[in-house]
1. So if we plug the beta-carbon distance of D141 and L36 into 1/(1 + (r/R0)^6) with R0 = 41 Å, what FRET efficiency do we get, rounded to 0.05?
2. How much mean residue ellipticity at 222 nm does the chain get from its helices, if each DSSP H run of length 4 or more adds -39500 (n - 2.57) and you divide by all residues, to the nearest 500 deg cm²/dmol?
3. Work out the length of the dipole vector of the chain about its Cα centre, built from +1 on the beta-carbon of each Lys and Arg and -1 on the beta-carbon of each Asp and Glu, and round it to the nearest 20 debye.
4. Taking R0 as 45 Å, what FRET efficiency do you get between D283 and D153 from their Cβ-Cβ distance, rounded to the nearest 0.05?
5. From the backbone phi of the range 84-95, what are the Karplus-calculated ³J(HN,Hα) couplings (6.51 cos²θ - 1.76 cosθ + 1.60, θ = phi - 60°) in whole Hz, Gly and Pro given as x?
6. So, by mean Cβ neighbours within 10 angstrom, what's the order for 44-52, 68-76, 292-300 with the highest one leading?
7. So if each residue of separation counts as 0.36 nm, and I subtract the Cα-Cα distance between D201 and K64, what length gain in nm does that give?
8. Determine one quarter of the surface area of the Cα convex hull of the range 42-191, which equals its mean projected area, and express it in nm² to one decimal.
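Where a number appears in this text, it was derived from the coordinates with a stated rule and is not lab data. Just so you know, these numbers come straight off a predicted model, no measurement behind them. Every residue, glycine as well, gets a Cβ built from its backbone with ideal geometry; the counts of neighbours run over all protein chains shown.
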Amino acid sequence: MLSACSTGSQFPEESLDISGLQELAQTQIGATGEYLTDDFDPTEFLTTWNFNNLEPEERAKFYKETDLSDGTKLREYNLIAIDKEIEVAPGVFYPAWTYNGQVPGPTIRATEGDTMKITFINSGSKPHTVHFHGFHSFDMDGAMSEQLVLPGDEFVYEFKADPFGTHVYHCHSFPVSQHISKGLYGAYIVDPKVDTRPVPDTELVMVMNGFDVNFDGANEIYAVNTRAFAYNYEPIEVKAGELVRIHLSNMLEFDLINSFHLHANFFDEYKTGTKLEPGQFTDTVILGQAERSILDIRFREPGMFMFHPHATEFAELGWMGLFKVTE
């Protein structure tokens, strides 16, 4: 067998269009084939929270907000556990457990001090819960055996949105590793009541995840927002000079750490989003399971800028994308 650096007579170096092959490799990064379904749009997911992608009549089935006398809001949600097959790579389907038929589940967003009221309906085939990271009472934790919501039942979680930051929610039924890896998780964002950070021009929600498609206890597909190479197929469009804020979370199961690396640019990182001053200025962050950060980026010039984990195996198996930066 010839290695990549062999120079046998079968492949004379002068006959290879090296620059052409490199260009082909760069422009055709990703999976072979096309996605067969359109029931989940990773690009739409980036800027969707509180069901703001739905028409008012449809949105009202899942979300309602009411102004309260103290200046806060009552935010009411319907989350529904549903067993559903989802497409995680072109032509590759996975039997997921979902919130509202999607992975990640719908992004929930509030302002510090708001009252959260989440009606959870279990229409799945297993006992499930919703466990929110943040402050709440014991009986709202969704982690103990007596707090499991059986198939066909429902439960109402109610608590104040606190502390501000970028958080997550997920099922805490047993075994938790199975319920998370099957897709029962989502982003939960709490904005500060008084926010002294720079105002972003664009906000994006990115949930890093993966899928064990052959059920051997290890992931074969990695992604941000579920679909392998989604943002290679459709690069994320932003503008040079504007402030882009990413709410980044790591819900990858079976691998202890994940990371986010941005090419040719740096960003301010607000760890967990719970402080109003950034903790570092960098181009790479490392997150353990369920860790989160806010990343503030200003692209200095137009171009196509890659982002991916610095675990290159994850990148080669689907967790890679591009920012398309325009004037």
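1. On the way: r = 39 Å, r/R0 = 0.95.
It comes to 0.55.
2. On the way: 6 runs with 34 residues, N = 327.
Calculated at 222 nm, the ellipticity per residue is -2000 deg cm²/dmol.
3. Details: 22 positive and 50 negative charges, 135 e Å.
That gives the chain a dipole magnitude of about 660 debye.
4. E(calc), rounded to 0.05, equals 0.45.
5. 7, 7, 10, 9, 10, 8, x, x, 10, 10, 10, x
6. Numbers: 44-52: 17.2, 68-76: 13.7, 292-300: 20.8.
Packing proxy ranking, top to bottom: 292-300, 44-52, 68-76.
7. Values: separation 137, 0.36 × 137 = 49.32 nm, distance 2.55 nm.
Extra length from D201 to K64 when fully extended: 46.8 nm.
8. Details: hull surface 37.1 nm².
Mean orientational projected area (the range 42-191, Cα hull): 9.3 nm².
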